[in-house]
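Quick notes on the structure that follows.
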Amino acid sequence: MPNSSVGTPDVIVIGAGLSGLETALLLEENGLRVRVLEARERVGGRVYSLSGLPGSPEAGGNTIAGAYGRMIAAGRKYGVELVNRGPRFAAHPIRQELYLGREHIRAEDWPAHPRNPFEEAQRKLLPGAWGRSMLRQNMPFSDLENWHDPRHAAHDVSVYGFLRALGATPAQIALGYETNVPYGTNAHDVSVLQLAFVDHWQAINRRSRVTADSLVGVFRGGNQRLPEAMARRLRGDLLLGQRVQGIETDGSGVAVHCADGRRHRARAVVCALPFTVLRHVAIDPLPPPSQYKAIMTLGAKPITQFHMVPKRPFWRDDGLSPALWTDGVLGSVLANRDADDHDEVTTLTAWVGGAMAQYVDRFGAAEGGRMLVAEYERLRPAAQGQLEVAAVHSWGQDPFAAGTWSIFQPGQVTAFAQSLARPHGRLYFCGEHTALGSRGMEAALESAERAALEVLGDLG
Ligand SMILES: Cc1cc2nc3c(=O)[nH]c(=O)nc-3n(C[C@H](O)[C@H](O)[C@H](O)COP(=O)(O)OP(=O)(O)OC[C@H]3O[C@@H](n4cnc5c(N)ncnc54)[C@H](O)[C@@H]3O)c2cc1C
């Protein structure tokens, strides 16, 4: 990692995830001296590749899709090769086996199955597809890219309320939205406006399904290679292990206080922390009331991942897929394949999300891992003794993330989306949660462009 001192910097960037690194590089390209402070001992933040595991699975940001123009360009600019797994995924899809109440339900039996709570044509939809279908068919407005426009405030209501108003029953919502919940911890704490935009973003990226010409990209060796390459380009200081706990602005600039007692000064500071973490940093003077409320209350989705290495391909014994969609503690289990060999399943990742993540977190990594393997073995006797938990990551309990991605709760799009990233004196904000036109890793880079322009406009 570069660590060359530039003397007193013009700008301090807090956080060396994608948004902080890109902001720092854009500012340096425009002649400013920058220092980056990062709490962890690594860069990348929520982009985190498990390089020690077979196939280097991603514990964080996973897929770079067709509309990720900035991510694709960043790979080229910083010399990291993008591998497209789309054609392979389209030719060799891995379906998920459905388990409800520990009962295995074959896809062909689902439409007439007594556990199916849906009605008429919707009975053909697998549970995970029902919520998406309900939203698409009943989308309350059409200019979805303007999800944050105050004109749409009437739709800034909970997904639960929206689905109930369409006639959905609590049982349908519980299985079709809240089981392996895509956004929020349940259907009550996410706004329809955010979900409408997410659905639109996913649709323009993947259309309805992965085809041979879809981009399902990952950087060779793991997505974390991108932030690492970006960090190597920095000319200024990159200080790891620097947990920021206070930001003080005054007439002559900004002072940043770290947990180890160090104090850094600059003319401006850009904060790239998710609000779930920033709310534990003292800001003096406090931001205006609505921005302060956003910092203190914006949500984030909890996900806990269990990465399991199979000792051998046990799924060939029972002829079923190793990937599962369950309503139990395993959540949704995905089968990860080697970057080049489509036949080899290298690891299985249980994505346990929402309220179920909060439940498994109570057991801790070791006990939680034992519980999940026991559950997998119970559902699939062929897996007996064949799975080893190699890594567990709770994003909800991660002190430097406190969640996976931002969640706008009912009312929060109207209250915060337009104003939450407004500069507060010489304190500027970037990060995935501040982007309006894209999501995830692409949103991190989008936000960096805006923040860098704001700083350059003010500091000259
Ligand atoms: C499980 C998972 C799956 C995902 N899948 C996808 C996907 O498929 N596609 C997609 O586009 N996106 C995906 N994402 C989202 C994507 O990874 C993030 O949106 C993006 O990486 C966020 O970048 P950021 O710079 O905004 O924030 P971060 O990466 O969180 O950067 C913030 C940085 O600040 C640091 N920090 C925190 N607190 C302090 C402190 N007090 N002092 C100093 N530093 C601090 C953190 O350590 C971190 O490095 C996924 C995320 C997760 C967790």
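Here are the numbers for this structure:
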{"read-out": "Entirely in the stretch 147-206, the helices (runs of 4 or more DSSP H) that have 3 or more residues that are touching a residue at least 40 places away in the same chain (Cβ under 8 Å) and open to solvent by less than 40 Å² (accessible area, probe 1.4 Å)", "value": "192-206"}
{"read-out": "Those residues of the stretch 374-400 which are small (G, A, S), in a loop (DSSP other than H, G, I, E, B) and touching a strand residue (DSSP E or B) at 6+ places or on another chain (Cβ under 7 Å), in sequence order", "value": "G396"}
{"read-out": "Filter result for G15 (buried (at least 20 other Cβ atoms within 10 Å of the Cβ) and either within 11 Å of the ligand (Cβ to nearest atom) or at positive phi (or both))", "value": "yes"}
{"read-out": "Identity of the residue in the stretch 417-443, open to solvent by 10 Å² or more (accessible area, probe 1.4 Å) and hydrophobic (A, V, I, L, M, F, W, C), that ends up nearest to the ligand (Cβ to nearest atom)", "value": "M441"}
{"read-out": "Conditions (1) over 19 Å from A402 (Cβ atoms); (2) outside the structural domain of T23 (by TED's automatic domain parsing): number failed by L286", "value": "(2)"}
{"read-out": "Residue within the stretch 237-245 that is assigned to a strand (DSSP E or B), of a type in the set (S, T, N, Q) and open to solvent by 30 Å² or more (accessible area, probe 1.4 Å) present", "value": "yes"}
{"read-out": "Matching option when the condition is in contact (Cβ under 8 Å) with a residue 24 or more places away in the chain, under 29 Å from F219 (Cα atoms) and open to solvent by less than 10 Å² (accessible area, probe 1.4 Å), among L37, L50", "value": "L37"}
{"read-out": "Unmet criterion (only one of (1) open to solvent by 10 Å² or more (accessible area, probe 1.4 Å); (2) of a type in the set (A, V, I, L, M, F, W, C); (3) under 25 Å from L126 (Cα atoms)) for A366", "value": "(3)"}
{"read-out": "Filtered residues of the stretch 38-65 (kept if acidic (D, E) and outside the structural domain of D260 (by TED's automatic domain parsing))", "value": "E58"}
{"read-out": "Residue list for the stretch 28-47, filter: over 16 Å from G431 (Cβ atoms) and within 15 Å of the ligand (Cβ to nearest atom)", "value": "V34, R35, E41, R42"}
{"read-out": "Among the candidates D284, D213, D237, D250, residue that is charged (D, E, K, R), more than 22 Å from S19 (Cβ to Cβ) and modelled with pLDDT of 95 or more", "value": "D284"}
{"read-out": "Filter result (open to solvent by 30 Å² or more (accessible area, probe 1.4 Å) and either within 15 Å of A272 (Cβ to Cβ) or of a type outside the set (D, E) (or both)) within the stretch 444-460", "value": "E446, E449, R450, L453, E454, L456, G457, G460"}
{"read-out": "Index of the failed condition, T297 passing every other in (1) modelled with pLDDT of 95 or more; (2) among the polar types (S, T, N, Q); (3) within 10 Å of the ligand (Cβ to nearest atom)", "value": "(3)"}
{"read-out": "Subset of the stretch 303-340 (residues that are of a type in the set (V, I, T), away from the ligand (no atom under 16 Å from the Cβ) and touching a Phe, Trp or Tyr at 6+ places or on another chain (Cβ under 9 Å))", "value": "T326, V329"}
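For (1) open to solvent by 40 Å² or more (accessible area, probe 1.4 Å); (2) in contact with a Gly (Cβ under 7 Å, 6 or more places away or on another chain); (3) more than 11 Å from the ligand (Cβ to nearest atom), each residue gets a yes or a no:
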{"site": "P9", "(1), (2), (3)": "no, yes, yes"}
{"site": "G20", "(1), (2), (3)": "no, no, no"}
{"site": "L25", "(1), (2), (3)": "no, no, yes"}
{"site": "S56", "(1), (2), (3)": "no, yes, yes"}
{"site": "M71", "(1), (2), (3)": "no, no, no"}
{"site": "V80", "(1), (2), (3)": "no, no, yes"}
{"site": "H104", "(1), (2), (3)": "yes, no, yes"}
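The values are calculated or read from the model by the stated rules, or taken from the named source; none is laboratory data. Note that this is a predicted model, so its numbers are computed, not measured. Note: ideal-geometry Cβ built from the backbone for every residue, glycine included; neighbour counts use all protein chains shown. Surface areas here come from the heavy atoms of the whole protein model, side chains and all, with no ligands, DNA or RNA. Shrake-Rupley method; radii C 1.70, N 1.55, O 1.52, S 1.80 Å.
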